[in-house]
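Engineer: First the structure, then my questions, so here it is.
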Amino acid sequence: MVLKANSQRKPHLVVVEDDEMMQSLLAAYLEKEGYDISAVLTGKEMFSVLGNRSADLILLDLTLPDEDGLTLARQIRARSSIPIIILTARKGMEDRLAGLDIGADDFLTKPFDPRELVLRVRNVLKRTGERGHEENLVFDFDGWKMDMRARTLTGPDKTEVPLTSGEFNLLAALIKSAGRVLSRDYLLDAIARNDEPPSDRMIDVFVSRLRKKIGQKSGKQDYIVTVPGHGYKFAGSLD
């Protein structure tokens, strides 16, 4: 189920909660406070929403029917810096620490007062600013242009280079962290799909394909550098 408000000017929040009563209450309360809400029941539905429009913040329950919330938070953070507030009935400190270590921006334990949730949402949005719209950025390097929102890669000759979803997500993760070595586990989170668990071999396949596709138009094969024992890094110079 996806609930959306009409206004496009309001901050867009994605509520990921499998308890339909709780989901409806959160959506209604946050809409009353002036937010544009997309409410979903599963991780798969969440990624479907994120694939169609940008989000300013994600409210993420940890216990979902298709995937653990901590895994989803890790996958979100590998792809973008959209702010995340974790909502959970789990009381253990380990879950809180794990969520914050993954990169969640805040953590709220159920039951909670809706007024506190609104204050935390406001504080996170104020603290993170426009970080949630990272997908709107365009990255340029050596005549190449990668549009994160349109999900396109255009070569120096102005023609679009066809990329699969996995290839695009992997290259996007590398470019966003240009010059930094990303582990294979991190890249697996970046390309993960709910309907097809990623395998370690997929990283090598996607890297090989990307090297060929980029190299065919630029004559270079070294944009994606292998760092033995650690992972890969993007070695291109961003304009």
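Engineer: Within the stretch 86-112, track down each residue that is under 25 Å from Leu182 (Cα atoms) and surrounded by 21 or more Cβ atoms within 10 Å (Cβ to Cβ).
Structural biologist: Matches in the stretch 86-112: Ile86, Gly99, Ala104, Asp105.
Engineer: Taking only the stretch 1-37 into account, find how many residues are at pLDDT 90 or above, in contact with a helix residue (DSSP H, G or I) (Cβ under 8 Å, 6 or more places away or on another chain) and closer than 18 Å to Pro65 by Cβ.
Structural biologist: Here the count works out to 5.
Engineer: Kindly evaluate Asp61 against the criterion of being over 21 Å from Ile191 (Cα atoms), crowded, with 21+ Cβ neighbours inside 10 Å and among the acidic types (Asp, Glu).
Structural biologist: Considered against the rule, which asks whether it is over 21 Å from Ile191 (Cα atoms), crowded, with 21+ Cβ neighbours inside 10 Å and among the acidic types (Asp, Glu), Asp61 comes out as yes.
Engineer: Collect the residues in the stretch 76-115 that are touching a residue at least 40 places away in the same chain (Cβ under 8 Å) and touching a Phe, Trp or Tyr at 6+ places or on another chain (Cβ under 7 Å), keeping them in residue-number order.
Structural biologist: Ala78, Pro114
Engineer: So in the stretch 50-70, with the set limited to residues that are touching a His at 6+ places or on another chain (Cβ under 9 Å) and of a type outside the set (Gly, Ala, Ser), which one is nearest to Asn169 (Cα to Cα)?
Structural biologist: It comes out as Arg53.
Engineer: Contact list please: Cβ distance under 7 Å, first residue in the stretch 21-48 and aromatic (Phe, Trp, Tyr), second residue surrounded by fewer than 22 Cβ atoms within 10 Å (Cβ to Cβ), pairs at least six apart or on different chains.
Structural biologist: Once the first residue is aromatic (Phe, Trp, Tyr) and sits in the stretch 21-48, its partners that are surrounded by fewer than 22 Cβ atoms within 10 Å (Cβ to Cβ) give Tyr29/Pro114; Tyr35/Lys10; Tyr35/Pro11; Phe47/Asn194.
Engineer: Is there any pair with a first residue in the stretch 151-171 that is over 27 Å from Tyr186 (Cβ atoms) and a second that is of a type in the set (Asp, Glu) whose Cβ atoms are under 9 Å apart and which are 6 or more apart or on different chains, and what are they?
Structural biologist: Short answer, once both residue conditions are applied: Pro156/Asp142.
This table checks each residue for (1) touching a strand residue (DSSP E or B) at 6+ places or on another chain (Cβ under 6 Å); (2) of a type in the set (Val, Ile, Thr); (3) at negative phi.
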site: Asp95; (1), (2), (3): no, no, yes
site: Ala104; (1), (2), (3): yes, no, yes
site: Arg115; (1), (2), (3): no, no, yes
site: Thr154; (1), (2), (3): yes, yes, yes
site: Lys158; (1), (2), (3): no, no, no
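Engineer: Something else: Could you check the stretch 207-224 and list, in sequence order, the residues that are of a type in the set (A, V, I, L, M, F, W, C) and at pLDDT 90 or above?
Structural biologist: Val207, Leu210, Ile224
The values are calculated or read from the model by the stated rules, or taken from the named source; none is laboratory data. Model, not experiment: these values are computed from the prediction. Cβ atoms come from the backbone with ideal geometry, glycine included; neighbour counts cover every protein chain shown.
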